[in-house]
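Read the structure below first, then the notes.
The values are calculated or read from the model by the stated rules, or taken from the named source; none is laboratory data. Everything numeric here is computed off the predicted structure, so don't read it as measured data. FYI the Cβ positions are ideal-geometry reconstructions off the backbone, even for glycines, and counts take in every protein chain you see. Only protein heavy atoms, including side chains, enter the accessible area calculation; ligands, DNA and RNA are left aside. Shrake-Rupley method; radii C 1.70, N 1.55, O 1.52, S 1.80 Å.
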Amino acid sequence: MPIRALVVDDSPAMRNFVSSVLESSGEYDVDEVGHGFEAIRLLPRGDYALFVFDVNMPDFNGLELIRAVREQPRYSRTPLVVMTTEGRLGDVERAKQAGAHVVLTKPFTPEVLLAAVAKALGGGD
């Protein structure tokens, strides 16, 4: 049975890239949305086992979204990968403190994405 994932990024190209990589692996069933408010609306209806969020989004950024997701008992420990164009140590630490398991700096390859997801899910090192 595929792992249910939610991808949130304000860039349609990046959402499509991440979703395509995950779905083409045959291991994931992906929902995708363009901003945090849409993601929050989907949470009660989805049974997500993985989240992939962009940090830099307008209105409701990825760090705020992580915190909102982590406040929900159902998703308090769900594996979460964060994507950012900001690879500075402080940004990475803020994402991890908010509840991210893995932080990816854009751009990245499909192989790097799949390895990061495997690590977040507990299958990688």
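Is there a quick way to get the dipole size of the chain? I mean about its Cα centre, with the Cβ of Lys and Arg at +1 and of Asp and Glu at -1; what is the value in debye to the nearest 20? Don't skip to the answer; put the middle values down first.
On the way: 13 positive and 18 negative charges, 77 e Å.
I would put it at about 380 debye.
Each Cα pair of the chain feeds into the Kirkwood radius, which the Stokes-Einstein equation turns, at 10 °C and 1.306 mPa s, into a diffusion coefficient of 113 µm²/s. Less than 5 angstrom separates the built amide H of Met57 from those of Gly62, all sequence-distant by 5 or more or on a different chain. Ligands, DNA and RNA excluded, the heavy atoms of Tyr48 present near 10 Å² of accessible surface to a 1.4 Å solvent probe.
Between Arg4 and Arg67, the modelled labels are 2.7 nm apart [label points 7 Å from Cα along Cα→Cβ].
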